[in-house]
Amino acid sequence: MSTGTAEIIVEGWLQPPAPGDFSGVVIPFEATVTKGAAVLRVCTELAEAAHVFVRRFNGSETSAQAEAWIADTAAPILRKAGLILSGECGRMRVLNFDIKCPHKANLAPMRAFDPRDGLENLTSFELKTYYDMELPCFVAAADGKIVSAACSPVEEGTDVAEIGVETAPGYEGRGYATGCVRALALELHSRGIRAVYIAQEDNPASISVAHAAGFSEHGSILQLVCIPAGD
């Protein structure tokens, strides 16, 4: 259904994550804005709040004010279901890779990950798992160790893939993340896959990496994330 300029999609009921759920979280509300059009995905219990939300925040669905309002409104509803806000809810920026977009990446030190290189991995990525699953992963090495990596869990048949990147403490600010991200984006592009980068609104360093690697603004997301109250 549409309300103003926003489409509201109501799906499912508010339930705690199933035992063994890897993420252990529930996302009962998500607002995505691209090219000025907003789409809200909400659980049934938040449907009424969603209609009020779009009337209040038409054109600013992913603003700080919108985030605060929906968090306050959802909190008592979540408590009734045995859930609380995780503290990870927030606003994110979505950026798309454009091969024609200017970049500042140095690709010379970047390489596709290969466990046969025998380098110690200082990131938290399970690089060997990516390699074994034939998923694309690019790394940067310094001091004989892997200090930065960009990976993408590409699903078979997809034409869009999100890039994740991490740089080990003490090696930030040297362009490693930017190079890894661009190298991976180029690899995905060669496979006919559009690379997407999602960064927290309050993480300007991550957003700068995306811009420097040749990504441009595509949209924004506001997401509530909740966990079982006992966690």
- Note on the structure: When Leu188 is run through (1) under 30 Å from Leu14 (Cα atoms); (2) hydrophobic (A, V, I, L, M, F, W, C); (3) not assigned by TED's automatic domain parsing to the domain that holds Gln65, the failure sits at (1)
- Name the strands (runs of 3 or more DSSP E) wholly inside the range 28-123 in which the number of residues that are buried (at least 19 other Cβ atoms within 10 Å of the Cβ) and in contact with a His (Cβ under 9 Å, 6 or more places away or on another chain) is 2 or more. 90-97
- Give Ile207, Ile146 a once-over and let me know the one that is touching a residue at least 24 places away in the same chain (Cβ under 8 Å), part of a strand (DSSP E or B) and not assigned by TED's automatic domain parsing to the domain that holds Gly24. Ile146
- Task: Would you tally the residues in the range 13-27 being out of contact with any strand residue (DSSP E or B) (no Cβ under 9 Å at 6 or more places or on another chain) and either at pLDDT 85 or above or surrounded by 18 or more Cβ atoms within 10 Å (Cβ to Cβ) (or both)?
- Result: 1
- Hey, among Tyr131, Tyr197, which residue is buried (at least 18 other Cβ atoms within 10 Å of the Cβ), out of contact with any Cys (no Cβ under 6 Å at 6 or more places or on another chain) and among the hydroxyl-bearing types (Ser, Thr, Tyr)? Tyr197
- Task: Would you check if Ala141 is farther than 27 Å from Val26 by Cα, out of contact with any helix residue (DSSP H, G or I) (no Cβ under 6 Å at 6 or more places or on another chain) and in a loop (DSSP other than H, G, I, E, B)?
- Result: no
- Test Ala177 against the stated conditions and say whether it is more than 19 Å from Thr32 (Cβ to Cβ), among the small types (Gly, Ala, Ser) and not assigned by TED's automatic domain parsing to the domain that holds Leu40. yes
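The values are calculated or read from the model by the stated rules, or taken from the named source; none is laboratory data. Nothing here was measured: the structure is a model prediction, and the numbers come from that model. No Cβ is skipped: glycine too gets one built from the backbone with ideal geometry, and neighbour counts run over all protein chains shown.
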